[in-house]
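The block underneath contains the structure these notes are about, expressed in structure tokens.
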Amino acid sequence: MGLSGAAPARRIGVFGGAFDPPHNAHLALADAAVAQLQLDVLHVVPTGQAWHKPRPLTDSAHRLAMVQLAFANHPRVVVDDCEIRRTGPSYTIDTLRALHSTEPNAQLLLVMGEDQAHSLNRWHEISAITQLAIISIARRAENTKAEGQFDPKNLPHAVFQPLQLPLMQASATEVRARLAAGEGVDHLVPDAVARYIAKHLLYQTTR
Ligand code: ATP
């Protein structure tokens, strides 16, 4: 095909997280990414074994089910269970490489909230990550994760694309704490997720 007929590279977003449980800020971030980054598809990737979270996560089958409910009606979002299916620690680079080998011509974009950006330097094979993907960081309300603003100079070789998101207070920590205290979370999670949590008696104690 000649240059003039070449289709533009597909843009594939990757949004990983523990999603323990998924909440409204995750949905807002995903929708903002699809719209602002002109994504053809956004892979929402619940982590399998989180190497960087000190707390044991809720069973991956529950987290996957909640993510599927939460994102059921979100256009261009696919829930990708690749990290749950993989054995061993979940590394983002493995997910990016798998997508890259399936679609070598696509542009990958790694989407995250600002708290994650602060630890990017310590991520497994970070330089390979920044070679494969554009990094797109949404600001995060400071009282949820108080680390200040991310400085892109911390990752000199990365390519960044801005992602605007109104500051949102929601965190999975708050959702779990409220549930353990017997408080409602209807304002923080989608209805289907609240129903799933209630049905399976999740998060009844803090851990
Ligand atoms: P926890 O409170 O258990 O640490 P969390 O609310 O941070 O969980 P994760 O599943 O760890 O949720 O986050 C997945 C992704 O969503 C991360 O990139 C995180 O930065 C982002 N994110 C979560 N909540 C917000 C928020 N309120 N604003 C912006 N980004 C967010």
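The values are calculated or read from the model by the stated rules, or taken from the named source; none is laboratory data. The structure presented is a predicted model; accordingly, all values stated were derived computationally and were not measured. Using ideal geometry, Cβ is built from the backbone for each residue, glycine included, and neighbour counts are taken over all protein chains shown. Keep in mind that these areas ignore ligands, DNA and RNA; they rest on the heavy atoms of the full protein, side chains included. Shrake-Rupley method; radii C 1.70, N 1.55, O 1.52, S 1.80 Å.
Some values worked out for this structure:
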| quantity | calculated |
| --- | --- |
| Sites F160 and Q49 - FRET efficiency at Förster radius 22 Å, r taken between beta-carbons, to 0.05 | 0.20 |
| Largest to smallest principal axis extent of the C-alpha atoms in the stretch 75-207, angstrom | 46, 34, 30 |
| Between the stretch 155-200 and the stretch 82-130, the alpha-carbon center distance in angstrom | 21 Å |
| Residues whose placed amide H lies under 5 Å from that of L188, excluding near-sequence neighbours | none |
| Longest to shortest principal axis, alpha-carbon extents of the stretch 93-143, angstrom | 40, 19, 14 |
| Per-q log10 I(q)/I(0), the stretch 1-103, q = 0.11, 0.19 Å⁻¹ (Debye; single scatterer per alpha-carbon; no solvent) | -0.36, -0.95 |
| Paramagnetic reach from H124 in the stretch 78-117 [backbone N under 13 Å; point 7 Å along Cα→Cβ] | 83-98 |
| Packing rank of 106-118, 14-26, where each peptide gets the mean count of other beta carbons within 10 Å, highest leading | 14-26, 106-118 |
| Cα-based helix-to-principal-axis angle, 92-102 vs the chain, degrees rounded to 10 | 50 degrees |
| Nearest 10 degrees, 0 to 90: helix 24-36 Cα axis against the chain principal axis | 20 degrees |
| The stretch 21-69, Rg to Rh (Cα coordinates; Rh as Kirkwood inverse mean 1/r) | 1.02 |
| Carbon plus sulfur fraction of accessible area for the stretch 49-207, probe 1.4 Å, in percent | 50 percent |
| Q131-Q149 pseudo-label distance in nm [points 7 Å out on the Cα-to-Cβ vector] | 3.2 nm |
| Between 0 and 90°, nearest 10: helix 60-70 axis offset from the chain longest Cα axis | 80 degrees |
